[in-house]
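Input: a single structure, listed below in structure tokens.
None of the figures in this text is laboratory data; all of them are computed from the coordinates on show. All values derive from a computational prediction rather than experimental measurement. Quick reminder, even Gly has a Cβ in these numbers, built from the backbone with ideal geometry, and neighbours come from all protein chains shown.
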Protein chains: 2
Amino acid sequence: MFRDKQHLRIPGPTPVPPEVLSASARPMINHRGDEFRKLLEGVTRGLQGVFQTGNDVIVLTTSGTGGLEAAVSNLLSPGEKALVASCGAFGDRVADIARAYGVDVVKSEVEWGRANDPEDVGRLLDQNPDIKVVFVTHNETSTGVENDVRALASVARAHDALIVVDAVSSLGSANLETDAWGLDVVVTASQKGLMTPPGLAFVSVSERAWKKIESAKCPRFYFDLAKARTFAQRWENPFTPAVSLLQALRDALSIIEAEGLPSVFARHARMALAVRAGIKALGLGLLAGDACASKTVTAVTPPAGVDADEFRKFLKSNYGVILAGGQGRLKGKIFRIAHMGYTDELDMVAALAALEMGLVKKGHPVKLGSGVAALEEVLAK
Amino acid sequence: MFRDKQHLRIPGPTPVPPEVLSASARPMINHRGDEFRKLLEGVTRGLQGVFQTGNDVIVLTTSGTGGLEAAVSNLLSPGEKALVASCGAFGDRVADIARAYGVDVVKSEVEWGRANDPEDVGRLLDQNPDIKVVFVTHNETSTGVENDVRALASVARAHDALIVVDAVSSLGSANLETDAWGLDVVVTASQKGLMTPPGLAFVSVSERAWKKIESAKCPRFYFDLAKARTFAQRWENPFTPAVSLLQALRDALSIIEAEGLPSVFARHARMALAVRAGIKALGLGLLAGDACASKTVTAVTPPAGVDADEFRKFLKSNYGVILAGGQGRLKGKIFRIAHMGYTDELDMVAALAALEMGLVKKGHPVKLGSGVAALEEVLAK
């Protein structure tokens with residue numbers, strides 16, 4: 001085994017293509033000069049393609065959480081009511097951000113491993129007609145669940161509320177139609193489906209959302225989206241942006257454009273199906289049901305007697321396969337396999353092979369090759 | 001002239017050493033794994049060296065302005081009074097951040113091109129004994145002025161107020177003794193003296209400051225320093241950090257450590273002196289007086305009849321020399337030459353040579369070589 005060769009299968013940072021890494025090592029340029037303006041314009045147009053939107057897409061130098069905080073602080077006022085539909089740790093985080101700003105959070109919740117229920121959201125909006133903003137998670141990274149954003153958006157729309165989508169771990173991997181589905185604010189980050197190192201967040205903003213932003217009173221300065229829009233009109237950022245990550249992103253967006261969104265989405269969906277088939281064949285548990293399974297990350301419950309975190313360490317030191325652990329109330333109880341960004345079908349074969357060999361080595365009777373065979377059955381279709 | 005060869009002489013992003021650029025292109029690693037923890041620990045220890053502190057140094061994925069916002073939102077409560085000493089655009093920005101959070105800002109101001117007056121700060125603190133936090137700028141990038149932070153800190157200290165220092169464009173270039181001078185919070189960013197691409201900010205926090213943070217009520221989530229400290233205790237960040245920039249920073253800190261802080265500071269001071277001598281020899285104006293001249297950036301007023309921004313464009317297209325323009329009320333009136341980070345004495349010779357050749361080409365009578373000669377006189381001493 002190579003000391004440093006890694007099979008990085010965590011849901012972000014995802015592996016970055018070599019040419020994108022090289023692009024991130026280009027010399028610095030003046031962030032107030034023409035080259036930068038061309039860079040930001042190109043990257044913004046590329047992002048609009050992946051967001052499937054004609055809306056403004058604002059580039060922030062921050063993590064995904066910073067992008068979500070920008071959505072909260074720009075759209076809401078202290079004391080205002082907002083609905084947060086949560087089905088896991090990242091939905092809960094949005095509620096925590098809103099509460100930190102004094103927002104009165106009404107929460108629609110479900111058992112972890114399930115998707116949010118549009119009917120429950122509708123019921124809560126009926127009961128709280130003063131709610132004007134609804135937050136939903138497209139892909140809940142902590143549980144491996146995909147929500148039906150289209151249905152949730154149409155409920156919000158029917159109640160005259162704006163819909164804000166956390167698409168951090170789905171954009172560029174699973175289909176999300178910002179304009180066709182009427183999504184007002186969509187937030188994502190660089191280090192997941194967009195195959196770029198972490199440090200950038202992107203926020204699309206509809207005209208309806210800009211209108212709401214005008215009257216929203218939560219404090220913001222670094223995350224001020226209206227100021228960012230003013231600067232973006234001349235293809236600049238208000239503050240010194242992460243130039244090297246933008247140089248990398250340009251190349252990553254070219255790769256996505258060359259593959260084409262439909263093919264990118266199909267690849268992710270196929271990897272998810274195949275991994276789930278392999279896991280089932282090995283007799284392990286899947287946290288999320290088939291109907292709401294994530295396209296980008298699969299949460300697995302290990303066999304009884306296997307500590308998820310200890311098993312992850314074993315896979316890392318024996319095969320260089322790096323999986324993610326459980327978060328929040330799932331800590332130590334699950335492990336998660338990401339199939340997101342610069343990963344393909346054979347990367348999944350490798351992960352499953354390590355998994356089944358690891359189980360055998362740990363004394364858990366699975367038939368070697370049976371998980372991989374089931375996975376290949378899906379891929380060969 | 002090479003199409004892409006640039007002499008980047010702006011005050012950030014500054015040129016990044018080739019080995020640091022290469023380090024930024026390393027493959028992604030798990031930000032919750034051992035390799036990352038070693039990375040963050042090493043980088044934090046290195047930063048403590050450059051900050052000259054034993055205080056916590058918190059790493060944030062954001063621009064320098066985000067680091068300053070963290071200082072404001074973690075230390076203050078809405079309605080609380082705070083003193084901002086400003087001598088330029090970046091001091092004014094801190095006041096704007098504080099006002100965005102509902103802080104009652106008392107401002108100590110001076111004419112742009114001068115340093116803040118510790119006596120005026122003392123007078124304002126006498127008049128406002130309820131002020132518990134004072135913000136000062138170490139190096140005002142917009143005017144090329146260095147403040148006497150030691151004197152300003154001792155005034156704040158005498159009034160039992162915390163002192164927060166914007167050291168974004170000075171840390172790692174000009175001497176700033178966080179512990180010896182009793183500085184409670186010091187903020188800097190990656191893309192200036194630290195020779196790393198932009199996208200990271202660093203905030204040192206004293207025990208006194210942590211105590212004040214406990215009772216401060218401004219909203220914060222992404223910029224929550226106490227939460228970041230909790231995660232830093234196991235060498236992690238609360239949110240996915242800019243892994244590749246941290247990988248780069250590790251190498252940049254090694255370069256600083258190898259040169260040694262005293263030599264780094266002497267190099268910057270010598271470049272500043274030499275550039276000023278060259279500018280004087282050419283008969284151009286210096287915005288800042290000798291007594292308060294910045295070690296990292298020199299603001300120059302062009303001869304009458306020369307538009308600063310038009311002249312900058314000329315230097316860029318003819319020599320690949322990129323200078324910064326004026327900001328705020330100085331827009332179009334000055335240009336700024338940075339001598340910061342990965343720059344040496346001969347880089348200054350090149351900049352001055354381009355400047356004097358440019359002036360002659362634009363029909364302004366200066367003696368070719370006279371600026372460079374004056375510069376060399378300083379360097380040869």
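For the reader, a short list of remarks on this structure follows.
- Helices (runs of 4 or more DSSP H) contained in the stretch A:188-302 and holding at least 2 residues more than 10 Å from chain B (Cβ to nearest Cβ) and acidic (Asp, Glu): A:207-215, A:243-259
- Considering the stretch A:162-187, the residues that are touching a residue at least 40 places away in the same chain (Cβ under 8 Å) and surrounded by fewer than 24 Cβ atoms within 10 Å (Cβ to Cβ) include one that is nearest to the other protein chains (Cβ to nearest Cβ), namely A:174.
- The helices (runs of 4 or more DSSP H) falling completely within the stretch A:23-137 that include 3 or more residues that are within 19 Å of the chain's Cα centre (by Cα) and either within 13 Å of another protein chain (Cβ to nearest Cβ) or among the hydrophobic types (A, V, I, L, M, F, W, C) (or both) map to A:34-51, A:64-75, A:89-100.
- Residue that is surrounded by the most Cβ atoms within 10 Å (Cβ to Cβ), among those in the stretch B:32-49 that are touching a helix residue (DSSP H, G or I) at 6+ places or on another chain (Cβ under 6 Å) and of a type outside the set (Gly, Ala, Ser): B:43
- Once the stretch A:106-124 is narrowed to residues that are crowded, with 22+ Cβ neighbours inside 10 Å and aliphatic (A, V, I, L, M), the residue that is farthest from residue A:139 (Cα to Cα) is A:121.
Residues are listed down the side, and each one gets a yes or a no for (1) touching a residue at least 40 places away in the same chain (Cβ under 8 Å); (2) exposed (fewer than 15 other Cβ atoms within 10 Å of the Cβ):
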site: B:288; (1), (2): yes, no
site: B:298; (1), (2): yes, no
site: B:307; (1), (2): no, yes
site: B:327; (1), (2): yes, no
site: B:349; (1), (2): no, no
site: B:366; (1), (2): yes, no
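- Every residue from the stretch A:283-320 that is among the aliphatic types (A, V, I, L, M) and more than 21 Å from the chain's Cα centre (by Cα): A:284, A:304, A:306, A:308, A:315
- Tally, over the stretch B:208-266, of residues that are buried (at least 16 other Cβ atoms within 10 Å of the Cβ) and acidic (Asp, Glu): 3
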